[in-house]
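Student: Sharing a structure with you now.
Every number in this text was worked out from the coordinates using simple rules, so none of it is lab data. All values reported here derive from a predicted model rather than from experimental measurement. Reconstructed Cβ throughout: ideal geometry from the backbone, glycine too, with neighbour counts over all protein chains shown.
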Amino acid sequence: MAKAKKAPVSASKASPSKPTMKAMVFYEKETLKLEEKPIPEPADDEVLVRVEACGMCGSDLNYYFGISSLETKTGKGPLVLGHEFTGTVIKVGTVPNRLGLFKEGDRVVLDPVQSCNTCDQCIRGFTNLCTKMSVLGVSTNGGFAEYCVSKYTGTKRLPDNVSFEHGAITEPLACATYAVQNLDVQPGQVVVVYGPGPIGFIMTQLIKASGAGHVVVVGTRDYRLELCKTAGAATVLNPKEASSAYYCPDVVGKMRDLTGGRMAERAILATSSVPAMEQALEITGKKSVVVYFGLPGDKDVVRVPALRSMFGDKTIRFSWLAPFTWPTALNAISTGLVNLAPLVTHRFSVDKVENALQLLSSRQNGVMKALVKPNL
Ligand SMILES: [Zn+2]
Ligand SMILES: [Zn+2]
């Protein structure tokens, strides 16, 4: 584990002589404050970046509304949220400088999950399970600010043809890539995606690109289901809204009809809904694979029909973060394998983070992803 310590960023250390930046600081449930803070100094193993675009994630909503606690020592703020972001390199710490990795002006994207690369989990290759992990925007200051420091090992070059806006979606794409790899889609299969949000939209594309024969997306917002149709979903089902053109109160029966009773071969959960997690076990057949991705609450329990699952030789698995899928994700963006443009529906300046959070939680105005752009 590197000994380098982060430069403290707190109002008490502010001095008028130091250059400052705007940062939106989260304190506690529904309390954010726009503050003027000293621009952090990169430690030996860090890089200082000017934030260009920072995506807002469902987990930011959970922190803001007090549904999840942060991974700081106290579980609380003050902390700058935002973990999906791109930036321009402003200053390079001594280690990455000596290695010739970055220079001022480089366009980069940050992998917020910054593993130590030394603990028992990391040396086995499970960097997503690092026991000394730090996470930008979750345990250390993140991207809802004009500047941020990142470990050089979590700093990646952004391909020239990838915009800062689309690059900011690399982190969710990398997580979705790992989940779809875990789904092990085979050519021609019937695959069901639960949850048509930004992750479900990305997964639909990756699943189609993996050779799926028929992708079904299940969700409760028609505008999102329709977007998934443009991404390759042949069937979309809305089990909730009776007024929907896609209304389907009996998803299990519909899947039975669609597959001639064989049921789906794969299902993936881009939702935190426990009923959906349980239904996925009903709509999948023998030798199927079900991957859980969306984060349930910490007290949630999924009931598994044990004997039937065993007789079907089923695989039920979980997918967490994005170990070693960043190069694949960046290639997927730069080669055009995935289309991220429809996801960027709203942009906010750093002083409007709260408006972005409210918009996302309301699901109004066709929102998919909101980006915070400090220089907007
Ligand atoms: Zn996220
Ligand atoms: Zn580690």
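Student: Could you sort the peptides 184-190, 361-367, 217-223, 228-234 by per-residue average Cβ neighbour count (10 Å cutoff), highest mean leading? List each step's numbers first, then the result.
Tutor: Details: 184-190: 16.0, 361-367: 12.4, 217-223: 22.4, 228-234: 19.3.
The densest-packed peptide leads the list: 217-223, 228-234, 184-190, 361-367.
Student: Sticking with this structure for a sec: With the alpha-carbon atoms as the only input, what is the per residue convex hull volume for the chain in Å³? Mind showing how you got there, number by number?
Tutor: Values: hull volume 53.2 nm³, N = 376.
Normalising the Cα hull of the chain by residue number yields 141 Å³.
Student: Let me ask something else about it. Taking N as the number of residues in the stretch 187-274, what value does Rg over Cα atoms divided by 2.2 N^0.38 Å take? Walk me through the numbers before you get to the answer.
Tutor: Numbers: Rg = 11.8 Å, N = 88, 2.2 N^0.38 = 12.1 Å.
For the stretch 187-274, the normalised Cα radius of gyration comes out at 0.98.
Student: When Phe126, Phe102, Phe311, Phe144 are ordered from fewest to most other Cβ atoms inside 10 Å of their Cβ, what list results? It would help to have the intermediate numbers written out before the result.
Tutor: Numbers: Phe126 16, Phe102 19, Phe311 10, Phe144 30.
Lowest to highest Cβ neighbour count: Phe311, Phe126, Phe102, Phe144.
Student: Name the shape class, rounded, prolate or oblate, that the alpha-carbon gyration tensor gives for the stretch 263-331, where a ≥ b ≥ c are the square roots of its eigenvalues, rounded holds for a/c under 1.5, and otherwise prolate holds if a/b is larger than b/c and oblate otherwise.
Tutor: Numbers: a/c = 2.36, a/b = 1.43, b/c = 1.65.
The shape class here is oblate.
Student: How big is the antiparallel share of DSSP beta bridges in the chain, given as a percent to the nearest 5? Write out the running numbers ahead of the final one.
Tutor: On the way: 34 of 61 bridges.
The answer is about 55 percent antiparallel.
Student: Still on this model: Shape verdict for the stretch 249-294, please, from the Cα gyration tensor: rounded (a/c under 1.5), prolate (a/b greater than b/c) or oblate. Show your work: numbers first, answer last.
Tutor: Details: a/c = 2.71, a/b = 1.44, b/c = 1.88.
The shape class here is oblate.
Student: Multiplying the sequence separation of Leu129 and Lys299 by 0.36 nm and subtracting their Cα-Cα distance, what value in nm do you get? Provide the component values of the computation, followed by the final result.
Tutor: Values: separation 170, 0.36 × 170 = 61.20 nm, distance 2.07 nm.
Extra length available between Leu129 and Lys299 comes to 59.1 nm.
Student: Please report how far the C-alpha centroid of the stretch 182-243 lies from that of the stretch 31-91, rounded to the nearest whole angstrom.
Tutor: After rounding, the separation between the Cα centres reads 31 Å.
Student: Give me the percent relative contact order of the chain, please, defined on Cα pairs under 8 angstrom at least 6 residues apart.
Tutor: Numbers: 846 pairs, mean separation 60.8, N = 376.
Computed value for the chain: 16 percent relative contact order.
Student: Pairs of Cα atoms under 8 Å, at least six residues apart: use those to get the relative contact order of the stretch 176-318, whole percent.
Tutor: The value is 21 percent.
Student: List the relative contact order of the stretch 145-234 as a percent without decimals, with contacts defined as Cα pairs under 8 Å and 6+ residues apart.
Tutor: On the way: 97 pairs, mean separation 22.0, N = 90.
Computed over the stretch 145-234, the figure is 24 percent.
Student: How would the stretch 130-180 be classified by its alpha-carbon gyration tensor: rounded, prolate or oblate, with rounded meaning a/c under 1.5 and the a/b versus b/c comparison settling the rest? Walk me through the intermediate numbers first.
Tutor: Working: a/c = 1.78, a/b = 1.15, b/c = 1.55.
It comes out oblate by the Cα gyration axes.
Student: Place a point 7 Å from the Cα of Val252 along the Cα-to-Cβ direction; which residues of the stretch 286-325 have their backbone N under 20 Å from it?
Tutor: 286-292, 301-317
Student: Could I ask something else about it? So for each of 335-342, 198-205 I average, over its residues, the number of other beta carbons within 10 Å; can you give me the resulting order with the highest mean first? Walk me through the numbers before you get to the answer.
Tutor: Details: 335-342: 14.8, 198-205: 27.5.
Highest-to-lowest ranking by the protection proxy: 198-205, 335-342.
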